Amino acid sequence: MKSTKKPKNMPHSPGTWIDEIAEAYYDAYEVKPFGVFVGQKITDKDLFHITPSLCLKFRGIERTEANVDRATEAMLSSYAATESQNEGIFADPHLAFSFGYLASHYGMGLLTEDEVREVMVYLEDNHIELKKTVNKKIKKKND
């Protein structure tokens, strides 16, 4: 799938994705306490499920059923294919979340497969920086 239109507010290099992913992760993190209302404990490992909706939110794309389905299908199929080829690759919840977020962008035609791969390689190589940035964002917002 070719990347067609890139919103101006979208990161344009692998390194600039860290801050946005940390912001999106924080948005997802905020839903954890609400799991009790649906009888489900939400853990950090579950947060990748929210990435399609966050992709739409951060890109300013209308949250229609078709858009949610498109982003979700891309995220889930990419996630399943990648996990089956590289068992345990998503043991780190920050990387799992990042992949889901980027795959959702791919599904919406905002990133190419090569762009997702390039950003993920960067994030894997800089996973400590990613984790620190996420934790810093959570701490700052909770203070």
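Annotations
- When residues of segment 89-143 are limited to those that are among the acidic types (Asp, Glu) and assigned to a loop (DSSP other than H, G, I, E, B), the one nearest to ILE50 (Cα to Cα): ASP92
- Residue match in segment 68-76 (condition: over 11 Å from the mean Cα position of the chain (by Cα), without any contact (Cβ under 8 Å) to a residue 12 or more places away in the chain, in a loop (DSSP other than H, G, I, E, B) and over 19 Å from TYR25 (Cα atoms)): no
- Selection count where residues are among the hydrophobic types (A, V, I, L, M, F, W, C) and surrounded by fewer than 13 Cβ atoms within 10 Å (Cβ to Cβ), scope segment 32-47: 4
- Every condition in (1) open to solvent by 40 Å² or more (accessible area, probe 1.4 Å); (2) under 24 Å from SER13 (Cα atoms) is met by ALA103 except one, and the failing one is (1).
- Residue match in segment 1-9 (condition: out of contact with any strand residue (DSSP E or B) (no Cβ under 8 Å at 6 or more places or on another chain) and closer than 17 Å to HIS127 by Cβ): no
- Between ASP19, ASP92, ASP69, the distinction of being of a type in the set (D, E, K, R) and either more than 23 Å from LYS139 (Cβ to Cβ) or in contact with a strand residue (DSSP E or B) (Cβ under 7 Å, 6 or more places away or on another chain) (or both) belongs to ASP69 only.
The values are calculated or read from the model by the stated rules, or taken from the named source; none is laboratory data. These numbers were taken from a predicted model, which means no experiment stands behind them. No Cβ is skipped: glycine too gets one built from the backbone with ideal geometry, and neighbour counts run over all protein chains shown. Ligands, DNA and RNA are excluded from the accessible area calculation, which covers all protein heavy atoms including side chains. Shrake-Rupley method; radii C 1.70, N 1.55, O 1.52, S 1.80 Å.
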